[in-house]
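J.: What follows is a single structure, and I will ask about it in a moment.
The values are calculated or read from the model by the stated rules, or taken from the named source; none is laboratory data. This structure is a prediction, so every number in the text was calculated from the model and none was measured. Positions of Cβ are generated from backbone atoms using ideal geometry, with glycine treated the same way; all protein chains shown enter the neighbour counts.
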Amino acid sequence: MSGAYRIPGKGRLTPAKTLRFTFDGETLTGLEGDTLASALLANGIHLTGRSFKYHRPRGIVAAGPEEPNALMQISRDAVRTQPNVRATVQELYDGLTAKSQNRWPSLTMDIGAVNNLASPLFAAGFYYKTFMWPKFAWKRIYEPNIRAAAGLGHAPTEADPDHYANRFAHCDVLVIGGGLAGLSAALSAAESGADVILVEQNSVFGGALLYESGITVDGKPGYDWAQDAIAKLKAMANVRVLSRTMAFGYYAQNMVALNELITEHVARPDASSPRERLWQVRAKKVILATGSIERHMVFAENDRPGVMLSGAARHYLNHHGVAVGRKIGVYTAHDGAYTAAFDLERAGCDIPAIIDLRKDVADALLDEAKSLGIEVLTAYSVVKAGGRLRVSSMEARPVNGGAVRKFSIDALITSAGWTPTVHLFSQSRGKLIFDEQRGIFVPGENAQYCVSVGACNGTDDLERLVAEAVAAGGGKAKLKVKGPSYAGGMSGASPGEDDKPVKAFIDFQNDVTAKDIRLAVREGMHSIVHVKRFTTNGMATDQGKLSNMHGLAIAAETLGKAIPQVGLTTFRAPYTPVTFGSIVNHAKGQLFDPTRRTPMHETSAKMGAVFEDVGHWKRAWYFPRAGETMHEAVDRECVNVRTNAGLFDASTLGKIEVAGPDAAKFLNILYTNSWDKLGVGKCRYGIMLREDGFVYDDGVVGRIAEDRFHVTTTTGGAPRVMSHMEDYLQTEFPDLNVWLTSTTEQWAVIAVQGPKAREMIAPFVTGMDISNEAFPHMSVKECQFMGVPCRLFRMTFAGELGFEVNVPADYGQAVWDAIYVHGAPMGLQPYGTEAMHILRAEKGYIIVGQDTDGTVTPQDAGLAWAIAKSKPDFVGIRGLKRVDLVASGRKQLVGLKTKDPKTVLEEGAQIVESPNQPIPMKMIGHVTSSYWSANCDRSIAMALVAGGRERMGQTLYVPMPDRTIEVEVCDAVFFDKEGGRINA
Amino acid sequence: MLLIHCPYCEEERPELEFRNMGEAHLVRAPDIANQSDEDFEAFLYIRQNPKGTIYERWRHVHGCARFFNAVRNTVSDKFVMVYKAGEKRPALGGDVKEKGGRK
């Protein structure tokens, strides 16, 4: 038996196909095709959770994704546990484990329910008013406690072991919704030859046809027609059909995001299968057939478990074969609830009364009720629902006053009418218009090429519905459809609910009552947007699918305005919650961000390199020997470069090949330097500015031929320098005959630096003379290196005799290894970026981005010599003349020596003139680079200091939290001031 | 994600392939070195930031790598047209106000 409330002969599930699941530890039985909600209801369980704020007992309200109450923690194992899953959407599988949320110690006995008794304290806006004093208490008492009490379920604590798929798709027609309208539109579009994607949120197609038993299409019961239609569509080559797929976001140019659940309904998912799939569909035309959502009636204690929507009760009965109770009360302002009541009565349930707020009800309905023996009270309202953990009674009273009648019930179904699901249309930026007569918002003017059909378009008449769906699909098919038509509907609180301290809920999930909306208006919130924020109405995970219209109507009534004048809050994606797994998708772990490795990465790793991240690059940071600390390793590497020679991987430097007859002319524009007189085979250090005159990048440029330059950039600057160059070439100087090619990854660059550098590479070089006379500092020549084509540079960033060996990337590792094998006996050692930084700082060479920050001119950096005096134009030439850039007192780059040579300054530390000033002190600069220099046997630092070059020899102060450090301003060159070593 | 028509590739490609490069038709003066402070300020800093029609530069950076210009409505995000770099600014009778320093 799959539950005492399962009615033999009703519904479409197979009684033999039973599944076992647990709810709060109790083992229960359901049927294949059940949702968790229908299986619980079949077992007579309505109480499924506690509300967010007041911890009130709550039950299942709906049968679809609009469910506000029945949120569960669903777990497969310790790792795969997901909070806030709607029981009405979760399909049952064998072994499913569900737990109710927001209750302690148990669902029936919840300590947090004291909030309900103290509820006068928790009226709308109480957070803003209550936790104000004393000042310290927010941070130490209120916030930690509120955070601990907030939230419903528990997020998993371990990393998600599942994987998620991602797909882009294009189609002619995307049909969203697989009910009568959606299927009609999809058939129409498919038969006219369009490439169609049809999306349905449910596992079963049919939409309202799942519960609406009165509709026939082409002579067939509606549900059967839907199954035939979907079978036909699936068989067509031009149609893709996606079930269990939610269209949750509608973006620009008809891009719709879908989330497909793949394994959420499977008892033992294949480990290789993705759990969910994110679709990004670009459709020429979108047909919205998203249906409508029923509103509940707003009256006192309308949140008792067992009080639910009439359509939902009908859904559970007609599709799952489950009665939501045995004695079911009905409270309605819409005809639909009558048919639900009739279906339930015929299935053997007792309907004590239908309470109808309206005075006039169609005779046909009243006659049918009479024939079934159901009492109908028109112009009555329900003023109270009784019971605590389950509804036990309803009290009804004539709208105009009079005696209260009390009915004993175990369920209460309500309907205030249906709200068109215009969320996606609104997300597409289409304008909504208010249908005064029916009190609903319907799609108005389109912003994108989409068409709303059926209930989401406010079309209730079945013949018109099918006709507009077929027309939207572009076909001419004729479908004969018959079925009931319904009238009625209202928004807002029902009579009898007033400002007495009763709880008539409009937003179940955020515990917002009708009274809260009135309070918000009284306190000055006159825009619906403010009312929403003040009360949190519609701000829960269901985004007010049931409550928004009620809230709006009550606000409008309180303000004495018409609904359209109060406005509507904006519908935003996602329509229903989407997991982080699906959004993050493949972008995690190694696929989160690309990792760039140099050609010498593996061999560096074998030599013991410790790597650091530089942008996307992994760079060898230092090469510790056994037992060495980083400090010891770096000191050894620095000393060895200046004593013997070091081997350094400089492959990450940006490289751009600038070629063409106008190459020199082009570089004249891009760099401050002049390139006309640079001979073939020579190199020059170049500075690149932005138009504002500040340093943008730097690097050495070698002239390979009259019309060909080998440009290097900083590691981090390579892409932006390339873009900057292309920009000027394409848009400002398109007449220049120049071609730019990024060659960063084409060359492996091996720097050999130090007094013995020449001996280290000499045996490998053929085709040229590398003596100092033939190949002086700042030279470049193409040659063969180990028989490999090579661009050999004589240059240094360490201030030593240095070479940079550029070979095609694939040869990098072999060349590196060969140089090392040959050089190691002579003292060659690899060094990393840390030693490289120290060596260049010993020489006062700047790093753009470390010693400059986007507000530093070449003059500030002490590089005025690199600005050509006679050029009529270069990027930044005008910027450099700006008043502030030529003013005195600008921060200039200088060296700093600590009075105590052992003290190493902190990079970023601020500098002051005198330590004896009140706080805040006047800061005159900051430390940009600071290291321990083993070669100088003392600390060294560079700093930007106001008027720095005028302060040589001055004592300045670096205040730190625990002490003040005395420093002396000095020249930024700390080692080999004469520069003799580079020319050795 | 927008679809953008590249006037060089002559097809619509996803926004992922493009980079917005700021306002279009800011003319770098041929004799920029001697430009007045006011004109240089306008060139360097003053931007329209309109609500409505904007003339802007895009680069098909992950495609043909070319720079081109586009007219887009900043409210609806709709592209009115695209055209190649260096082509004259199309007159659309739009709501873009002219300011000193640009043509």
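J.: Applying the selection to the stretch A:873-926, what residues are assigned to a strand (DSSP E or B) and not aliphatic (A, V, I, L, M)?
T.: Within the stretch A:873-926, the subset assigned to a strand (DSSP E or B) is A:891-898, A:910-912, A:923-926.
Within the stretch A:873-926, A:891, A:892, A:895, A:897, A:898, A:910, A:925, A:926 meet the criteria.
J.: Name the residue, out of A:300, A:289, A:247, A:226, that is of a type outside the set (Val, Ile, Thr), surrounded by 17 or more Cβ atoms within 10 Å (Cβ to Cβ) and under 25 Å from the mean Cα position of the chain (by Cα). Quick ask: steps written out before the conclusion?
T.: Working: A:300 fails: under 25 Å from the mean Cα position of the chain (by Cα); A:289 fails: under 25 Å from the mean Cα position of the chain (by Cα); A:226 fails: under 25 Å from the mean Cα position of the chain (by Cα).
Sole residue among the options that is of a type outside the set (Val, Ile, Thr), surrounded by 17 or more Cβ atoms within 10 Å (Cβ to Cβ) and under 25 Å from the mean Cα position of the chain (by Cα): A:247.
J.: Out of all the residues in the stretch A:569-596, which are more than 14 Å from the chain's Cα centre (by Cα) and either more than 25 Å from residue A:246 (Cβ to Cβ) or among the aromatic types (Phe, Trp, Tyr) (or both)?
T.: Residues satisfying the conditions are A:571, A:575, A:589, A:590, A:593, A:594, A:595, A:596.
J.: From (1) surrounded by fewer than 19 Cβ atoms within 10 Å (Cβ to Cβ); (2) modelled with pLDDT of 95 or more; (3) out of contact with any strand residue (DSSP E or B) (no Cβ under 8 Å at 6 or more places or on another chain), pick out the condition that doesn't hold for residue A:265.
T.: All conditions pass for residue A:265, except number (3).
J.: Among the residues of the stretch A:394-406, is any surrounded by 19 or more Cβ atoms within 10 Å (Cβ to Cβ), touching a helix residue (DSSP H, G or I) at 6+ places or on another chain (Cβ under 6 Å) and of a type outside the set (Val, Ile, Thr)? Even if it seems obvious, please write down each step before you answer.
T.: Taking the stretch A:394-406 and keeping what is surrounded by 19 or more Cβ atoms within 10 Å (Cβ to Cβ), we get A:394-397.
Filter again for touching a helix residue (DSSP H, G or I) at 6+ places or on another chain (Cβ under 6 Å), leaving none.
Within the stretch A:394-406, none of the residues are surrounded by 19 or more Cβ atoms within 10 Å (Cβ to Cβ), touching a helix residue (DSSP H, G or I) at 6+ places or on another chain (Cβ under 6 Å) and of a type outside the set (Val, Ile, Thr).
J.: Looking at residue A:896, is it surrounded by 16 or more Cβ atoms within 10 Å (Cβ to Cβ) and over 46 Å from the mean Cα position of the chain (by Cα)?
T.: Against the criterion (surrounded by 16 or more Cβ atoms within 10 Å (Cβ to Cβ) and over 46 Å from the mean Cα position of the chain (by Cα)), residue A:896 does not qualify.
J.: Is it fair to say residue A:492 is under 34 Å from the mean Cα position of the chain (by Cα), crowded, with 19+ Cβ neighbours inside 10 Å and touching a residue at least 24 places away in the same chain (Cβ under 8 Å)?
T.: no
J.: Take the stretch A:167-177 and flag every residue that is buried (at least 16 other Cβ atoms within 10 Å of the Cβ) and farther than 25 Å from residue A:226 by Cα.
T.: Filtering the stretch A:167-177 for residues buried (at least 16 other Cβ atoms within 10 Å of the Cβ) gives A:169, A:171-177.
Within the stretch A:167-177, A:169 is the sole residue that qualifies.
J.: Kindly provide the set of residues from the stretch A:597-616 that are closer than 26 Å to residue A:934 by Cβ and within 27 Å of the chain's Cα centre (by Cα), ordered by number.
T.: Hits for the stretch A:597-616 are A:613, A:614.
J.: Something else now. Just to be sure, is residue A:792 within 14 Å of chain B (Cβ to nearest Cβ) and crowded, with 17+ Cβ neighbours inside 10 Å?
T.: Criteria not met by residue A:792.
J.: Quick check on residue B:82: is it modelled with pLDDT of 95 or more, facing chain A (nearest Cβ under 8 Å) and crowded, with 16+ Cβ neighbours inside 10 Å?
T.: Values: modelled with pLDDT of 95 or more: yes; facing chain A (nearest Cβ under 8 Å): no; crowded, with 16+ Cβ neighbours inside 10 Å: yes.
No, not satisfied.
J.: Assuming residue A:706 fulfils every condition listed in (1) more than 19 Å from residue A:864 (Cβ to Cβ); (2) away from chain B (no Cβ under 14 Å); (3) buried (at least 21 other Cβ atoms within 10 Å of the Cβ) apart from one, which condition is it?
T.: So the condition that residue A:706 fails would be (3).
J.: Among the residues of the stretch A:933-954, how many are assigned to a loop (DSSP other than H, G, I, E, B) and under 49 Å from the mean Cα position of the chain (by Cα)? Quick ask: steps written out before the conclusion?
T.: Here is the first cut: in the stretch A:933-954, the residues assigned to a loop (DSSP other than H, G, I, E, B) are A:934-937, A:947, A:952-954.
Remaining after also requiring under 49 Å from the mean Cα position of the chain (by Cα): A:934, A:947.
The total comes to 2.
J.: Of the residues that make up the stretch A:859-880, is at least one touching a residue at least 60 places away in the same chain (Cβ under 8 Å), surrounded by fewer than 19 Cβ atoms within 10 Å (Cβ to Cβ) and among the basic types (Lys, Arg)?
T.: yes
J.: State whether the residues of the stretch B:15-38 include one that is over 30 Å from residue A:281 (Cβ atoms), more than 11 Å from chain A (Cβ to nearest Cβ) and over 16 Å from the mean Cα position of the chain (by Cα). Give the derivation first.
T.: Our first condition is that a residue be over 30 Å from residue A:281 (Cβ atoms); within the stretch B:15-38, this holds for B:22-38.
Filter once more, keeping what is more than 11 Å from chain A (Cβ to nearest Cβ): B:23, B:38.
Adding the requirement that they be over 16 Å from the mean Cα position of the chain (by Cα) leaves B:38.
Yes, the stretch B:15-38 has at least one match.
Here's the yes/no breakdown for (1) surrounded by 11 or more Cβ atoms within 10 Å (Cβ to Cβ); (2) modelled with pLDDT of 70 or more:
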residue: A:111; (1), (2): yes, yes
residue: A:114; (1), (2): yes, yes
residue: A:117; (1), (2): no, yes
residue: A:126; (1), (2): yes, no
residue: A:136; (1), (2): no, yes
residue: A:140; (1), (2): no, yes
residue: A:151; (1), (2): yes, no
residue: A:158; (1), (2): no, yes
residue: A:162; (1), (2): yes, yes
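J.: If you scan the stretch A:422-478, which residues turn out to be within 14 Å of chain B (Cβ to nearest Cβ) and at positive phi? Show your work before the answer.
T.: To start, the set of residues in the stretch A:422-478 that are within 14 Å of chain B (Cβ to nearest Cβ) comprises A:427-431, A:445-449.
Across the stretch A:422-478, the qualifying residue is only A:429.
J.: Okay, moving on. For residues that are within 32 Å of the chain's Cα centre (by Cα) and among the hydroxyl-bearing types (Ser, Thr, Tyr), scanning just the stretch A:701-741, find the one that is nearest to residue A:832 (Cα to Cα).
T.: Step by step, filter the stretch A:701-741, then rank; the result is A:715.
J.: Looking at A:259, A:302, can you tell me which residue is polar (S, T, N, Q) and either within 18 Å of residue A:167 (Cα to Cα) or assigned to a strand (DSSP E or B) (or both)?
T.: A:259
J.: Which number in (1) touching a strand residue (DSSP E or B) at 6+ places or on another chain (Cβ under 8 Å); (2) closer than 21 Å to residue A:5 by Cβ marks the one condition that residue A:298 misses?
T.: (2)
J.: Any residue in the stretch A:684-695 that's within 14 Å of chain B (Cβ to nearest Cβ): show its pairings with residues that are of a type outside the set (A, V, I, L, M, F, W, C) and assigned to a strand (DSSP E or B) at Cβ separation under 8 Å, as long as the two are six or more apart or on different chains.
T.: A:689/A:696; A:690/A:696
J.: Sticking with this structure for a sec: Using the structure shown, decide if residue B:41 is touching a strand residue (DSSP E or B) at 6+ places or on another chain (Cβ under 8 Å) and at pLDDT 95 or above. Explain how you work it out, then say what you get.
T.: On the way: touching a strand residue (DSSP E or B) at 6+ places or on another chain (Cβ under 8 Å): no; at pLDDT 95 or above: yes.
So residue B:41 does not fit the description; no.
J.: How about the stretch A:826-840: which of its residues are within 39 Å of the chain's Cα centre (by Cα) and not in a helix (DSSP H, G or I)?
T.: Step one: list which residues in the stretch A:826-840 are within 39 Å of the chain's Cα centre (by Cα), which gives A:832-834, A:836-837.
Matches in the stretch A:826-840: A:832 only.
J.: For the stretch A:737-754: of the residues being surrounded by 16 or more Cβ atoms within 10 Å (Cβ to Cβ) and within 18 Å of residue A:669 (Cα to Cα), which is farthest from the other protein chains (Cβ to nearest Cβ)?
T.: Per the criteria, the residue is A:738.
J.: Give the stretch A:857-876 a look and list any residue that's of a type in the set (Gly, Ala, Ser), within 12 Å of chain B (Cβ to nearest Cβ) and within 45 Å of the chain's Cα centre (by Cα), or say none.
T.: A:876, the sole residue that qualifies.
J.: On to the next question. Across the stretch A:929-938, what is the total count of residues that are surrounded by 21 or more Cβ atoms within 10 Å (Cβ to Cβ) and farther than 17 Å from residue A:636 by Cβ?
T.: Residues flagged as surrounded by 21 or more Cβ atoms within 10 Å (Cβ to Cβ) and farther than 17 Å from residue A:636 by Cβ within the stretch A:929-938 amount to 2.
J.: State all residues of the stretch B:1-50 that are among the aromatic types (Phe, Trp, Tyr), out of contact with any His (no Cβ under 6 Å at 6 or more places or on another chain) and closer than 28 Å to residue A:169 by Cα; if no residue qualifies, say none. Break it down into steps so the answer makes sense when it comes.
T.: From the stretch B:1-50, those among the aromatic types (Phe, Trp, Tyr) are B:8, B:18, B:40, B:43, B:45; that's our starting set.
Those still in the list that are out of contact with any His (no Cβ under 6 Å at 6 or more places or on another chain) too: B:8, B:40, B:43, B:45.
Answer for the stretch B:1-50, where residues must be among the aromatic types (Phe, Trp, Tyr), out of contact with any His (no Cβ under 6 Å at 6 or more places or on another chain) and closer than 28 Å to residue A:169 by Cα: just B:8.
J.: Here is a further query. Please find, among A:625, A:642, A:619, A:636, the residue that is more than 30 Å from residue A:162 (Cα to Cα), basic (Lys, Arg) and in contact with an Asp or Glu (Cβ under 6 Å, 6 or more places away or on another chain). Even if it seems obvious, please write down each step before you answer.
T.: On the way: A:625 fails: in contact with an Asp or Glu (Cβ under 6 Å, 6 or more places away or on another chain); A:642 fails: in contact with an Asp or Glu (Cβ under 6 Å, 6 or more places away or on another chain); A:636 fails: in contact with an Asp or Glu (Cβ under 6 Å, 6 or more places away or on another chain).
Exactly one residue qualifies, and that residue is A:619.
J.: Mind checking which pairs have a first residue in the stretch B:43-72 that is within 12 Å of chain A (Cβ to nearest Cβ) and a second that is among the hydroxyl-bearing types (Ser, Thr, Tyr) and not in a loop (DSSP other than H, G, I, E, B), Cβ under 8 Å, 6 or more apart or different chains?
T.: Filtered contacts from the stretch B:43-72: B:57/A:731; B:59/A:723; B:61/A:723; B:67/A:731; B:68/B:83; B:69/B:55; B:69/B:83; B:72/B:53.
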